[in-house]
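Everything below concerns the one structure shown next.
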Amino acid sequence: MGDWMLTIWALLIGWVLDLVLGDPAWLPHPVVGFGKLIAFGERRLNRGSHRRLKGAVMAVALIAIVFVATWLLCRQLSMVNYQLSIVLGSLLIFFCLAGTTLIREVRQVFIAVDRSVDEGRRQVARIVGRDTSELSAQEVRTAALETLAENLSDGVVAPLFWLAVGGVPAMVAYKMVNTLDSMIGYRTERYKDFGCWAARIDDVANYVPARLTALLMVVAAGKPQLARFVRRYGRCHASPNSGYPEAALAGILDCRFGGPHTYFGQLFDKPFIGTNPRPLTTQDMRLAVRINRTAELLMVVLTAAALLLTC
């Protein structure tokens, strides 16, 4: 059985595992290990002079190490026992996908904020990096749906895109890229130099997936006319990529995302995405979840098709 055929089987099994299990709290997750490596390096290197160079070296080294280690492990297992190779690939793909857990978290945010604003703030703080202590109920719901749209790109479409491009090693390496950005890719005093390369690498890695995500969402909604809306508002974001899936969801829901947010005590005045500041409801969340799931299924089919073409 060829390597790409093994990857297709692993894709289907890993995707089903994510649908059924999400990220169980009892199961050790490789991203936790990635985070510890990044934190270890950041504590020791993010000081003194040449911080940008040191951050670049750390980011590139960690990504390369993860890619090579995964490639060697997958290669060795495929030569010894293809069943074990499928098991390993399935587990790695399962760990790299983050669709189900985020959907569960977003549902919990809407349930919590319906009970009380304070409870909603605490719940949404689990999935966003901004300060949530003074968010209104509307802002809590908005933050949850923005994160849902971004996560469809970062947590589902981008990993699958890199799986199609370079197999499981590229998918796992992307997960390191994304973890680096989520930990040190901020424009704060502490990270603006050290995390500069991590943020730029993440921008490059997500350039195509973010736009593909928006396209898949528009197709899933059956609203091709929203393509113009996405082109217009996709650029209205500090990130060169995050605005596109957010714009797609804002267009589908006919709502408004973006605006000022506080990160690590600093206010960032982000542009608005969309023009309708209407109140968001649980019904909007349910529609957003359906769009996410449909777009995810479309991406799985596209990935499997791409892998079949390389067999």
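The values are calculated or read from the model by the stated rules, or taken from the named source; none is laboratory data. Source: prediction; values computed, not measured. Heads up, the Cβs are rebuilt from the backbone with ideal geometry, glycines too, and the neighbour counts pull from every protein chain shown. Protein only, heavy atoms only, side chains kept; ligands, DNA and RNA dropped before computing areas. Shrake-Rupley method; radii C 1.70, N 1.55, O 1.52, S 1.80 Å.
Residues of region 227-238 that are touching a helix residue (DSSP H, G or I) at 6+ places or on another chain (Cβ under 7 Å) and either among the polar types (S, T, N, Q) or over 26 Å from C196 (Cα atoms) (or both): A227, F229, V230. For region 159-182, the count of residues that are open to solvent by 20 Å² or more (accessible area, probe 1.4 Å), free of Cβ contacts under 8 Å to residues at least 12 places away in the same chain and not in a helix (DSSP H, G or I) is zero.
Considered as a group, the residues in region 70-97 that are of a type in the set (A, V, I, L, M, F, W, C) and closer than 15 Å to V177 by Cα include one that is most open to solvent (accessible area, probe 1.4 Å), and that residue is F95.
Within region 234-244, restricting attention to residues that are out of contact with any His (no Cβ under 8 Å at 6 or more places or on another chain) and open to solvent by less than 20 Å² (accessible area, probe 1.4 Å), the residue that is farthest from A205 (Cα to Cα) is G234. Has region 186-200 got at least one residue that is outside any helix (DSSP H, G or I), on the phi > 0 side of the Ramachandran plot and of a type outside the set (G, A, S)? No, there is no match, as no residue in region 186-200 is outside any helix (DSSP H, G or I), on the phi > 0 side of the Ramachandran plot and of a type outside the set (G, A, S). Just so you know, in region 203-233 the residues that are among the β-branched types (V, I, T) and surrounded by fewer than 21 Cβ atoms within 10 Å (Cβ to Cβ) include one that is farthest from F161 (Cα to Cα), and it is V219. Against the criterion of being among the small types (G, A, S), in a helix (DSSP H, G or I) and surrounded by 16 or more Cβ atoms within 10 Å (Cβ to Cβ), G14 qualifies. Is at least one residue of region 28-50 part of a helix (DSSP H, G or I), among the acidic types (D, E), farther than 19 Å from V156 by Cα and modelled with pLDDT of 95 or more? Yes, that holds for at least one residue.
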